[in-house]
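Trainee: Take a look at the following structure, please.
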Amino acid sequence: MPIMKQELSLALIGGGNMATALASGLIGRRCAAADVHVIDPNAATRERWNALGTTTAEAPDARLSGCRVWFFAVKPQVMAEVVRQCRPWLRPDTLVISIAAGIPGEAISRWLGTGEQPYERIVRCMPNTPALIASGMTGMASLGGVDETDRALAEELLGAVGQVIWVRDDAAIDAVTAVSGSGPAYVFLFLEALIEAGVEQGLTPEQARQLALGTFHGATQLASLSPDSPAVLRERVTSKGGTTAAALAVFQERGLPDIMRQAVAAAARRAGELAREFSN
């Protein structure tokens, strides 16, 4: 049976930006607002969700037992406490999806289950902020209790806010976090620097911004649609002795590729530290 024809009831545990992005991609297309239950301690947040037609609660309650999917969208610092609060209403067919950075699926499995029987119907994923405009990139990994139907459903849910890929395990999710989860900040930093450099060369701030943003958009679209690698595309733009070659020579001299490797490694390392810090 196609997933799209199954009834869906969804609990959003945490009603912040990522939950809002997910709901905007699903409500009206995949489920009704009344089929979404949002749990958030902030009264203003609950009022905003109530205005959309969802049900809300300040804390987990028995309504969770009627939700096919639990989507944990809370800070890693409070994840253990929140998961344990939800545990009394877990059912054998509940699909649990987590976007908490650095929290291993094994830890969530342990918090939801017992020492003898951990709960393994869990998908851990790492989306990024472009999901807010349905252009996100999400890496996903599943535990052993997730079957093909669950995987298809999880992929459909996160696919509502962008592209998804499956990776092998928690360690790979840490790498996803370092590349695409944190990646938008790398792009924004580069954009900031490019705009500032354009202004220093005599452009107005708006001209520099428009040129930088347009160039990034066009270049990433070309890289997405072209069968050639980014390295080949770069070489095609670079004429020997030309302006692009002069700029790229500075990047190479200052070690940009190595800086990027070090930055991504630092982000992945921090994801591992978060796991050790918050998964006990």
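Trainee: Just to compare against my own numbers: the Cα pair-distance distribution for the range 1-98, 10 Å bins, whole % per bin, please.
Mentor: Bin by bin from 0 Å, the calculated values are 16, 54, 27, 3.
Trainee: Quick one: net charge of R269's neighbours, Cβ under 15 Å, K/R +1, D/E -1? Spell out each step's value before the answer.
Mentor: Values: positive: R261, R270, R276; negative: D170, D174, E273, E277.
Counting the neighbours of R269, the net charge comes to -1.
Trainee: Let me ask something else. Equivalent-ellipsoid semi-axes (√(5λ), Cα gyration tensor) for the chain, whole Å, largest first?
Mentor: 40, 21, 18
Trainee: Sticking with this one: Roughly how many percent of the accessible protein surface of the chain is carbon and sulfur, given a 1.4 Å probe and a whole-percent answer?
Mentor: Working: 8650 of 15100 Å².
About 57 percent, which is the carbon plus sulfur part of the accessible surface.
Trainee: A follow-up question, please. I'd like to know which of S226, F251, G139 lies farthest towards the positive end of the charge dipole of the range 125-280, counting +1 on Cβ of Lys and Arg and -1 on Cβ of Asp and Glu.
Mentor: In the range 125-280, that residue is F251.
Trainee: Using alpha-carbon positions, what is the distance between the centroids of the range 72-135 and the range 15-40, in Å?
Mentor: Between the Cα centres of the range 72-135 and the range 15-40 lies a distance of 17 Å.
Trainee: Give me the dipole magnitude in Debye, nearest 20, for the chain about the Cα centre, with unit charges on the beta carbon: positive for Lys and Arg, negative for Asp and Glu.
Mentor: On the way: 25 positive and 29 negative charges, 27 e Å.
In total the dipole reaches around 120 debye.
Trainee: Continuing with the same structure: Considering only protein heavy atoms, what per residue accessible area in square angstrom results for the chain with a 1.4 angstrom probe?
Mentor: Numbers: 15100 Å² over 280 residues.
I get 54 Å² per residue for this part.
Trainee: Ok, one more. Can you list the GluC sites (Glu not before Pro) in the range 103-185 that are in a DSSP coil and have 12 or fewer other beta carbons within 10 angstrom? Let's see the in-between values first.
Mentor: Working: sites: E106, E116, E120, E148, E155, E156; in loops: E116, E120.
Qualifying residues, ordered by number: E116.
Trainee: Still on this model: Would you mind finding the longest exposed-site-free stretch of the chain, with exposed trypsin sites (Lys or Arg not before Pro) meaning DSSP loop and at most 15 other Cβ atoms within 10 Å? Could you put the intermediate results ahead of the total?
Mentor: Details: sites that count: R29, R168, K240, R254.
Longest run free of exposed loop sites: 30-167.
Trainee: Right, another one. If we sort 52-59, 173-180, 224-231, 211-218 on the protection proxy, mean other Cβ atoms within 10 Å, highest first, what's the order? The partial results should precede the final answer.
Mentor: Working: 52-59: 15.2, 173-180: 22.5, 224-231: 9.2, 211-218: 12.9.
Those peptides, ordered most packed to least, come out 173-180, 52-59, 211-218, 224-231.
Trainee: For the range 185-280, evaluate the Debye formula with one uniform point scatterer on each Cα (no solvent term) and list log10 I(q)/I(0) at q = 0.17, 0.22, 0.23 Å⁻¹, rounded to two decimals.
Mentor: -0.99, -1.32, -1.36
The values are calculated or read from the model by the stated rules, or taken from the named source; none is laboratory data. As the structure is a prediction and not an experimental result, all values here were calculated from the model. Reconstructed Cβ throughout: ideal geometry from the backbone, glycine too, with neighbour counts over all protein chains shown. Quick note on the areas: whole protein, heavy atoms, side chains included, nothing else; ligands and nucleic acids left out. Shrake-Rupley method; radii C 1.70, N 1.55, O 1.52, S 1.80 Å.
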